[in-house]
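I have placed the structure first, in the form of structure tokens, so that the comments after it can refer back to it.
The values are calculated or read from the model by the stated rules, or taken from the named source; none is laboratory data. In this text the structure is predicted, and so the values were computed from the model without any measurement. Every residue, glycine among them, receives a Cβ derived from its backbone with ideal geometry; neighbour counts consider all protein chains shown.
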Amino acid sequence: MPGRREFLNTLMRGGILAALGLLSGAVIFRSRDGKSCSYGFDCSGCSRSKSCMLPAALEARQTVWQLDMTKCIQCGRCATNCVMSPSAVKCTHAFAMCGYCDLCGGYFKPGTKILTTAAENQLCPTNALKRKFIEDPFFEYTIDEELCIGCGKCVKGCGAFGNGSLQLQVRHDRCKNCNECSIARNCPSQAFTRVPANKPSLMRGLGKERPGTAAKKGGVDA
Amino acid sequence: MKQKIFIIAGLLLLIAVIGIMFTDLFSGKKQEQTNPYDYKMGEIRKTDSNQTAYTELLTIKPALVEIHAIVNGDGDRIYVAGKNGLEIYKGDGKPDGNFSFEGVASCMAIDKRGKIFIGIQDHVEVFDQIGKPAGKWKSVSPESILTSIAVSNSCVYVADAGKKIVYRYDLNGRLINRIGEKDPQKNVPGFIIPSPYFDLALGKKGELWIANTGRHSLEQFSDEGVLNSAWGEASMAIDGFCGCCNPSHFAFLHDGSFVTSEKGIERVKIYSPKGEFTCIVAPPSAFTEGTRGLDLAVDSKDRIIVLDPERKQVRIFVKK
Ligand code: SF4
Ligand code: SF4
Ligand code: SF4
């Protein structure tokens, strides 16, 4: 009996080795043939090309996750679904778009009457959004990333009442670039997408896209 | 026998496991997730229905692809301008003419002779009543975004949200002077226009009013650019102007009262000539959330005409 089992085991090992050999041979042969794809492989003849994980794995090394604000509905899952705690998604500020408004819809709770920095007036649940007086009537808003949990509350307020200069973005110094991003899996608006690692931002309005908003970081409209 | 029972039990177990996996994978039921960080707009959009003194009488649906500007002309004809054209309606909503032009009209005014002045991005184009071009004024700056026009007997006032300034032209398009230009020497702070909403209108006596939206105020200027008076308060409450830049549009009733519209919390309200809140014309619930650019006009019977670019409608409100 042991003899038969040993024979079968050897046969299986041999089979796997032969299959691997054939596969690598085919790959080398095809790439030498000059028909290789951007990953160096020609998958066109392969019956398993659709389910193959190799391109995705290679792509993951060249790309990173980012979220597209034009699709995001600020559902709150960026704060609750990231494997990182707090989330790798943070609020970011496109200063060139900001109105430097006194009554900032992203900073103040709806219905706030007296516009002061008192904690009870602040919309942000972690007080991560900071307000600084520049000159009458301009205020600058910055984000303390250590405190921001990426909940998107301020982003929603800014979009509704202001110019949409507060935006959620995946911060790549914190993101683990998971193969399968757990926010992307649960995002109700498919706002998560892979972007080239060398162009990781999908922020809008970083330049002077909208004429007339010449606000500078820390400055005032010209 | 014992073996058979084991095989059958095993098979049943396998079927049950497959069944559970299948339901879990393919059932349409999505996991319900509530948002613990929800920004509750519902509360601030609520109003006291007793404060709404107007009701919607009529809705007109223009055929234009986009609508951005509205004017009430002679004989209470309603002019609607937008992308690549203009449509005219009678006071009862029946079509009464149209013509096309190239570009997106952002604002419009009509003078006593029936000449139609249309702001297209950075310049003004003039048409007669049948759409024959009667002039194309020089662009002031490529950064200009014209957002409002008003015509008096002798001049045309044009608001430029891009340059944050109001130009006063003669009727032929010759620039006379600039109003509200930032001048630190003279201590003139300039207009604060955080987004492209910058309206102006002529009051009961023909005086010029300008919406300084970043300050949430309506300001009255002389033709020479001297600020005479101002009113307005930043607040989400019904008697104030909400968000970063409101009122986005305004018009006048015949007694000099102000009709205002806002973005952020979409609402149309009336203020007395002194700037005291009087009543609501249309509450936020009358609009689709996120609507911006509710241009306003008033006809000879003080009916309030609201341009709703989101629903692509012209909506006429009358007193209840
Ligand atoms: S999960 Fe998607 S929709 Fe929700 S906040 Fe994040 S990006 Fe926006
Ligand atoms: S409101 Fe949420 S997204 Fe905005 S700064 Fe605070 S924690 Fe960050
Ligand atoms: S890839 Fe991972 S770490 Fe990055 S945002 Fe998604 S879940 Fe968070």
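Which of the residues that make up the range A:79-120 are away from ligand 1 (no atom under 16 Å from the Cβ), in a strand (DSSP E or B) and touching a residue at least 60 places away in the same chain (Cβ under 8 Å)?
Correct list: A:H93 only.
In the range A:138-157, what count of residues is obtained for those that are within 12 Å of chain B (Cβ to nearest Cβ) and either away from ligand 1 (no atom under 16 Å from the Cβ) or within 21 Å of B:C245 (Cα to Cα) (or both)? Working first, answer last.
Let us first name the residues in the range A:138-157 that are within 12 Å of chain B (Cβ to nearest Cβ), namely A:138-139, A:141, A:148-157.
Imposing the further condition that a residue be either away from ligand 1 (no atom under 16 Å from the Cβ) or within 21 Å of B:C245 (Cα to Cα) (or both) reduces the set to A:138-139, A:141, A:153-157.
Qualifying residue count, the range A:138-157: 8.
Is there a residue in the range A:161-169 that is within 14 Å of chain B (Cβ to nearest Cβ), modelled with pLDDT of 90 or more, part of a strand (DSSP E or B) and surrounded by fewer than 16 Cβ atoms within 10 Å (Cβ to Cβ)?
no
Residue-by-condition table, conditions (1) at pLDDT below 90; (2) surrounded by 15 or more Cβ atoms within 10 Å (Cβ to Cβ); (3) more than 10 Å from chain B (Cβ to nearest Cβ):
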site: A:L54; (1), (2), (3): yes, no, yes
site: A:T80; (1), (2), (3): no, yes, no
site: A:Q122; (1), (2), (3): no, yes, yes
site: A:D136; (1), (2), (3): yes, no, no
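Between A:K176, A:K130, which is closer than 12 Å to A:S87 by Cα, more than 9 Å from chain B (Cβ to nearest Cβ) and either within 16 Å of ligand 3 (Cβ to nearest atom) or at pLDDT 95 or above (or both)?
Matching residue, one of A:K176, A:K130: A:K176.
Among the residues of the range B:186-223, write down those that are touching a Gly at 6+ places or on another chain (Cβ under 6 Å) and among the basic types (K, R).
B:K204
When you scan the range B:247-318 for strands (runs of 3 or more DSSP E) that lie fully inside it, which ones turn up with 1 or more residues that are under 19 Å from B:G73 (Cα atoms)?
B:249-252, B:258-262, B:296-298, B:304-308
Mind checking which strands (runs of 3 or more DSSP E) fall wholly inside the range B:36-153 and carry at least 2 residues that are touching an Asp or Glu at 6+ places or on another chain (Cβ under 8 Å) and among the polar types (S, T, N, Q)?
The strands (runs of 3 or more DSSP E) meeting that bar are B:146-151.
Out of (1) touching a strand residue (DSSP E or B) at 6+ places or on another chain (Cβ under 7 Å); (2) within 12 Å of ligand 3 (Cβ to nearest atom), the odd one out for A:L202 is which?
Result: A:L202 fails condition (2) only.
Only one of (1) more than 12 Å from every other protein chain (Cβ to nearest Cβ); (2) farther than 21 Å from A:G205 by Cβ; (3) within 16 Å of ligand 1 (Cβ to nearest atom) fails for A:C75. Which number is that?
For A:C75, the failing item is (1).
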